[in-house]
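A quick write-up on the structure given underneath.
Read-outs: derived from the displayed coordinates by stated rules, not from any lab. Please read these numbers as outputs of a predicted model, since none were measured by experiment. Cβ: placed from backbone, ideal geometry, glycine included. Neighbour counts: every protein chain shown.
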Amino acid sequence: MVEVWLIRHGVTAWNVDRRWQGHSDIPLNKEGRQQAANVAAHMLRRQLCSDLSRARGTAESVGKMLSLPVELDARFREEHYGLLEGHTTDEILNCPILAAVHQARSEGPLAPNDPGESRQEGLDRAALALQFIAETFHHAKRIAVFTHGGFILNCFRHLGGYPAAYPVVKENKCPKIANTSISILKVESANDSHVWTAEQWGSTPHRQSRE
């Protein structure tokens, strides 16, 4: 059995401003770096990581304390929000052009000239990333994947059988995935078959003890 910890990156300035980050490469702020240090109290064996700097910075902070290298992989990136990146939800909903782009992401295909990915493409990428973990790291005991809120929610949707655009947090199916929250999955592999179970989603005990 492999235990997989999906850890959202620490907070950034755009998180504070509630701006859609997506593939935009926004670094951690001071609070985010401290949040990353708090995660290191948990013993990990291997670190996989999105190649975006906010996830990489979180993983590197933990890795320094545990003497673990960080293995970067673009498969663990946030959803690519395309034309919506850098905007707040209010800005998107109050702009007819951006609102149309937002709707197209959910329903597919993407709006013309939108360089992002549809909700379904984001969900499919998360499913393939979980398959990659199960097939590649079946001899590991516990690995951490430093990633992003949207990616973790897509893992929840995939394992729970929810559609790509289903609002799992709003409908109280999944807790909010806060910065540096830890979601723990387990996978049993045998004869090319992989069975996933979820132990917890969005847990933040390391933050609660310091806030």
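Which far-off residues, 5 or more places away or on another chain, put their amide H under 5 Å from the one on T88, with H placed in the peptide plane? Residues meeting the amide H criterion: W20. Of the peptides 185-194, 82-91, the ranking by mean beta-carbon count within 10 Å, highest at the top, reads 82-91, 185-194. Karplus-based coupling profile of the stretch 103-118, in residue order and whole Hz: 5, 5, 4, 6, 9, x, x, 5, 5, x, 6, 7, x, x, 10, 6, with θ = phi - 60° in 6.51 cos²θ - 1.76 cosθ + 1.60 and x standing for Gly or Pro.
Look at where the Cα atoms of the stretch 29-75 and of the stretch 132-211 average out, and the two centres are 17 Å apart. Shape analysis of the chain places it in the oblate category; the axes a ≥ b ≥ c from the Cα gyration tensor give an a/c of at least 1.5, with a/b not above b/c.
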